[in-house]
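The values are calculated or read from the model by the stated rules, or taken from the named source; none is laboratory data. Computed from a predicted model, the values in this text were never measured in an experiment. Don't worry about glycine lacking a Cβ; one is built from the backbone with ideal geometry, like all the others, and counts go over all protein chains shown. Accessible surface areas use protein heavy atoms only, side chains included; no ligands, DNA or RNA. Shrake-Rupley method; radii C 1.70, N 1.55, O 1.52, S 1.80 Å.
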Amino acid sequence: MKDHYSFLAPFYNRLTKLVFGDQLMLAKTNFAENLSRKRILIIGGGDGLDYQNFQAQLSGEYWEISQAMLSKAKINLAESDLTFHLDFFQAEKGKLFDEVWLHFVLDTMKDKEISSLLGEIRKSVKPEGTIYLADFFAPKNLYQQFLNRSMITFFRIVTNHKRASIPDYERIFLVNNWKRNSEKEFLKGWVKAQVWEKLGS
Ligand SMILES: C[S@@+](CC[C@H](N)C(=O)[O-])C[C@H]1O[C@@H](n2cnc3c(N)ncnc32)[C@H](O)[C@@H]1O
């Protein structure tokens, strides 16, 4: 599997802090509650640095497709009870999670890929299970539109990013039978943290 983040991994976290300050970290941690009671599935967690302060409360699985990012996460989250996997996540019969974290990962995927991942996740969460989504939504002003376009161009060149636009998460989640139950906006709503619950079985 080609590692599209090998170049960026050493400074990815510092770069996001330089551009966005703590806002992305706050979006990723806003709904992190009662962690020690949950088995968590983290997909595309990157270097894991923003979870480091509460790693002792994390148990479950961490899936990444970038070897460079995963190696960093293993070090940054060495005191957690997570197991680390270099692959595309696939559901495994009998293995169920309370919560799935999708933080700034769906915006790198095509719509079809997102739907197929939501299908795997549906099979892997408990009936009352939730998805914790944090990601970029439509930019809210001209400055954000400019930054958004620049970021997409940068990621298309550096990481082989497949999209030219931001996914319509609401539509994709609703079509796949998920219902939104909480939301918090950051950067005037350009970034949102949302909790989605599973509808049906
Ligand atoms: C934009 S980075 C964000 C990393 C991290 N979530 C953060 O907020 O700092 C996207 C990450 O998702 C990973 N990724 C992309 N598609 C993935 C997939 N299908 N399964 C697991 N990881 C994936 C990439 O390797 C990369 O590390």
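Looking at segment 12-198, the accessible area is 50 square angstrom per residue; that uses a 1.4 Å probe and ignores ligands, DNA and RNA. When Rg and the Kirkwood Rh are both derived from Cα coordinates, the Rg/Rh ratio for the chain amounts to 0.93.
In order along segment 178-185, the Karplus-derived 3J(HN,Hα) couplings, from 6.51 cos²θ - 1.76 cosθ + 1.60 at θ = phi - 60°, round to 10, 10, 7, 10, 8, 7, 9, 9 Hz, and Gly and Pro are given as x.
Can you figure out the FRET efficiency of GLN57 with ASP87, using R₀ = 25 Å and their beta-carbon distance, to the nearest 0.05? My answer for the efficiency is 0.50.
So how much slack lies between LYS110 and LEU18, counting 0.36 nm per residue of separation and subtracting their Cα-Cα distance, in nm? Let's see the in-between values first.
On the way: separation 92, 0.36 × 92 = 33.12 nm, distance 2.73 nm.
Contour length minus Cα-Cα distance gives 30.4 nm.
If Lys and Arg each add +1 and Asp and Glu each add -1, what is the summed charge of the other residues whose beta carbon sits under 13 Å from the beta carbon of TYR143?
Working: positive: LYS140, ARG149, LYS188; negative: none.
Summing Lys and Arg as +1 and Asp and Glu as -1 gives +3.
The distance between label points at SER150 and GLU183 comes to 2.8 nm (points 7 Å beyond Cα on the Cα→Cβ vector).
Carbon-plus-sulfur fraction of the accessible area of segment 57-177, 1.4 Å probe, in percent? Working shown, then result.
On the way: 3380 of 6100 Å².
Carbon plus sulfur share of accessible area: 55 percent.
Partner aspartates and glutamates whose Cα lies under 14 Å from the Cα of LYS112, excluding those fewer than 8 positions away in the same chain, are identified as GLU120, ASP168. Could you let me know the centre-to-centre spacing of segment 127-201 and segment 29-99, using Cα atoms, in angstrom? Distance between centres, Cα-based: 20 Å.
Between the residues SER80, LEU174, GLY46, the greatest Cα displacement towards the positive end of the dipole of the chain, with unit charges on the Cβ of Lys, Arg, Asp and Glu, is found for LEU174. Counting only Cβ charges, +1 for Lys and Arg and -1 for Asp and Glu, the dipole size of segment 12-198 around its Cα centre is about 400 debye. Among beta bridges from DSSP that stay inside segment 68-201, the antiparallel ones total about 70%.
The MET1 and ILE75 beta-carbon pair, evaluated with R₀ = 22 Å, returns a calculated FRET efficiency of approximately 0.60.
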